[in-house]
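The values are calculated or read from the model by the stated rules, or taken from the named source; none is laboratory data. Remember, it's a predicted structure, so these values are computed and weren't measured experimentally. Cβ: placed from backbone, ideal geometry, glycine included. Neighbour counts: every protein chain shown. Side chains included, ligands, DNA and RNA excluded: accessible areas come from the protein's heavy atoms. Shrake-Rupley method; radii C 1.70, N 1.55, O 1.52, S 1.80 Å.
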Amino acid sequence: MRAPHLLQSLAGLCTAKRCARWWQEGVAGLSLASMTIPQVLGYARIAGMPSVTGLYTVLLPLMAFGVFGSSKHLVVAADSATAAIFSSALSEIAPLGSSYYQDLVGMVALLSALFLLMARFFKLGFLADFLSRTVLVGFMAGVGVQVACAMLVDMLGLSISSRNTVVQVWSLFQLLPHAVPLTAACAFGASLFLWGAERLNKAVPWALLVVVCGIVCGWALPLQAHGVSLVGPMAGGLPKLHLPHVAWNDLLALLPVATSCVFVIIAQSAATARAAANMFNETVDENRDILGLSIANLAAAVSGTFVVNGSPTQTAMALKAGARSQLAQGIFSVLTLCVLLFFTAPLRYLPHCILAAIVFNVGVGMVNVGALNRIRRESPGEFWLALITGAIVLGLGVEQGIFAAIALSLFRHVRHSYKPHTLVLKRDPKTDLFEAEPVKPGTQSEPGLVIYRFCADLFYANCATFVDEITLLTQPPVTCVVVDASAITDIDYSAALAVRTLLADLAQRRVHIIFGRVSQYLHADMKRHCISDIVGEENIFPQLHTALAAARLHNQTGVKL
């Protein structure tokens, strides 16, 4: 009799959990809308497009990625990096905001969608594998500081044309005496309120409350008369679906612009999705995300808006609001639809400084001080790589910071491969077991025998270390060396030349060499590079103990096997 009651209890528990999840995602979607809708209006201004097109970026494109993408957390919408790329290039072809300019912008989104589809076909999602967690922390911190510095300009009521963070900060200090007092008071008051309220209860959509209060104050009080700027009037309604029309010559000119956007979209979206997934020990399918981004940009092109991207800022907003799936983004899209249909008029009264305060807090939150401290304690070298990545984002820009993150991740890997760990296995007289010791002249594993372990693949940059250390270890009275090749799976052409030269030198000095723990991949390379012909197949073993037995037999008999 207890079983039915137990099942009913479990069913009720599952229903309660489902309701709690829906409530959490709904509140997150509401908070995300309150923070992001004003922000995308600002991105539309950067893009040189009508304000309403910023809202269009979080309507169909966001829904499209939610259906076709794999990331649970990535928010795909307008982004300052891509907006800056195409606006600076297209402004030379047509005036900002003109009808033809809007067609050019739509065509860039359409070309980006096609290029992303090609990238999905060639499975370029592997680029995300070159982003280590260390540089991702630095990248997100750099983006956070960049966003916070940019928002400080609006929070003080100033105007700075440069998008470079270093120039912005320098100009900010110069223009500080010209800050608008009421603008600064409203902005920093809102920022302090959000900082304290979110620590009191993160479940409440405080940002929405701040936006509503800002709109009410902008409507009821003469803020503009005291220098506080408002968003201003904007059109509403649904987007008209159409394909952009562009002249052939201009279409050719758009190809490099779209290509630049695609590189930034892939790298930045992969970096952001990977960083968000790492927070929850999850995985993402980068190639499926590229497909989702392609469909999202196609939706942007036909709905009259501009290129969309996986936004670090808005993804951080979603996580901060408590979003744990694309359900929150879907709710956000529905809310955007409601705003487009019914609530565009009130947005005109929203002060820019309130928007800046909300985004400023998000930017500060993107700097994960705890993660940076953990990296500093555990790996100081990687800590500096993270700081360098963040500094590049600040000094050169987000897109350069992404490629720097990839380059630094590769540099770290190559550095370890260039200077790999090398060891000599030496018998411990107490335990009679082999223990690893550093490579030193005169070290022997057994009388006349050295067991040498090289802990990396052999390639052009580290083969000199392999040759030099074996030469160092095989001085008299050593007559045989066993190479523990368990970590070697590949030999390139340059390393093969060096190894063949080493084998010739060892043969001339009558030092016998045996390879143990040789994998099938290494064996294939040794055959291809004719190394196995010189060493002899009888001196290549898949296990170390058989290689060691052959070496001992050689030392006993003095005869090459």
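Annotation note: trypsin sites (Lys or Arg not before Pro) in the range 229-301 located in DSSP loop regions with a Cβ neighbour count of at most 12 within 10 Å are Lys240.
In this rough spin-label picture, where each label sits 7 Å from Cα along the Cβ direction, the Asp490-Ser159 distance is 5.4 nm. A dipole drawn for the range 52-187 from +1 and -1 charges on Cβ atoms has a positive end, and of Gly125, Ala179, Ala89 the residue lying farthest that way is Gly125. Would the chain count as rounded, prolate or oblate if I go by the C-alpha gyration tensor, calling it rounded below 1.5 in a/c and otherwise prolate when a/b exceeds b/c, oblate otherwise? Note, shape of the chain comes out prolate.
Once you have the Kirkwood Rh of the range 132-231 from its Cα pairs, apply Stokes-Einstein at 10 °C and 1.306 mPa s and quote D in µm²/s. Let's see the in-between values first.
Working: Rh = 15.4 Å.
Taking Rh from Cα pairs, D becomes 103 µm²/s.
Split the accessible area of the range 508-561 by element, probe 1.4 Å, and carbon with sulfur accounts for 55%. Here the relative contact order of the range 103-181, from alpha carbon pairs under 8 Å that lie six or more residues apart, stands at 21 percent. Counting only Cβ charges, +1 for Lys and Arg and -1 for Asp and Glu, the dipole size of the chain around its Cα centre is about 1140 debye. With the highest mean first, a sort of the peptides 96-106, 191-201 on other beta-carbon atoms found within 10 angstrom per residue produces 96-106, 191-201. Let me know the shape class of the range 164-286, please: from the alpha-carbon gyration tensor, a ≥ b ≥ c as square roots of the eigenvalues, rounded when a/c is under 1.5, otherwise prolate if a/b is greater than b/c, or oblate. Since a/c reaches 1.5 and a/b is larger than b/c, the shape of the range 164-286 is classed as prolate.
Give, rounded to the nearest 20 debye, the magnitude of the charge dipole that the range 201-293 has about its Cα centre when Lys and Arg contribute +1 at Cβ and Asp and Glu contribute -1 at Cβ.
The calculation lands at about 260 debye.
Each Cα pair under 8 Å and six or more residues apart adds its sequence gap; the mean of these over the residue count of the chain is a relative contact order of 22 percent.
Taking every DSSP bridge with both residues inside the chain, close to 50 percent are antiparallel.
Averaged per residue, the range 188-290 has 55 square angstrom of accessible surface, using a 1.4 angstrom probe with ligands and nucleic acids left out. With the charge dipole of the chain set up from +1 on Lys and Arg Cβ and -1 on Asp and Glu Cβ about the Cα centre, the Cα lying farthest toward the positive end among the listed residues Tyr452, Thr474, Ala78 is that of Ala78. Loop-located trypsin sites (Lys or Arg not before Pro) across the range 514-561 with a Cβ neighbour count of 15 or fewer within 10 Å are Lys560, with loop assigned by DSSP. Where does the Debye-calculated log10 I(q)/I(0) of the range 107-187 sit at q = 0.22, 0.26 Å⁻¹, using only Cα point scatterers of equal weight, no solvent? For the requested q values the scattering log ratios are -0.95, -1.11. Calculate, for Leu337 and Lys240, the FRET efficiency according to 1/(1 + (r/R0)^6) with r their C-beta to C-beta distance and R0 25 Å; round to the nearest 0.05. The formula returns an efficiency of 0.95 here. Taking one equal scatterer on every alpha-carbon of the range 439-561, how large is log10 of I(q)/I(0) by Debye at q = 0.22 1/Å? Treating every Cα as an identical point scatterer, log10 I(q)/I(0) equals -1.43. The listed peptides 298-306, 331-339, ordered by packing as a protection proxy, come out as 298-306, 331-339 (highest mean of other Cβ atoms within 10 Å first). Ranked by the mean number of other Cβ atoms within 10 Å of their residues, highest first, the peptides 437-443, 28-34, 207-213, 116-122 fall in the order 28-34, 207-213, 116-122, 437-443.
Take the Cα of Thr501, go 7 Å toward its beta carbon, and the backbone nitrogen atoms of the range 430-465 under 13 Å from that spot belong to 460-465.
On the beta carbon distance between Val364 and Glu92, with R0 = 41 Å, the FRET formula returns roughly 0.70. Farthest towards the positive end of the charge dipole of the chain, among the residues Pro312, Ala113, Val262, is the Cα of Pro312, using unit charges on the Cβ of Lys, Arg, Asp and Glu.
Measuring nothing but protein heavy atoms, the accessible surface of the range 201-264 at 1.4 Å probe radius is 71 percent carbon and sulfur.
Dividing the helix sum by the residues of the chain, where each DSSP H run of 4 or more adds -39500 (n - 2.57), gives a mean residue ellipticity at 222 nm of -21000 deg cm²/dmol.
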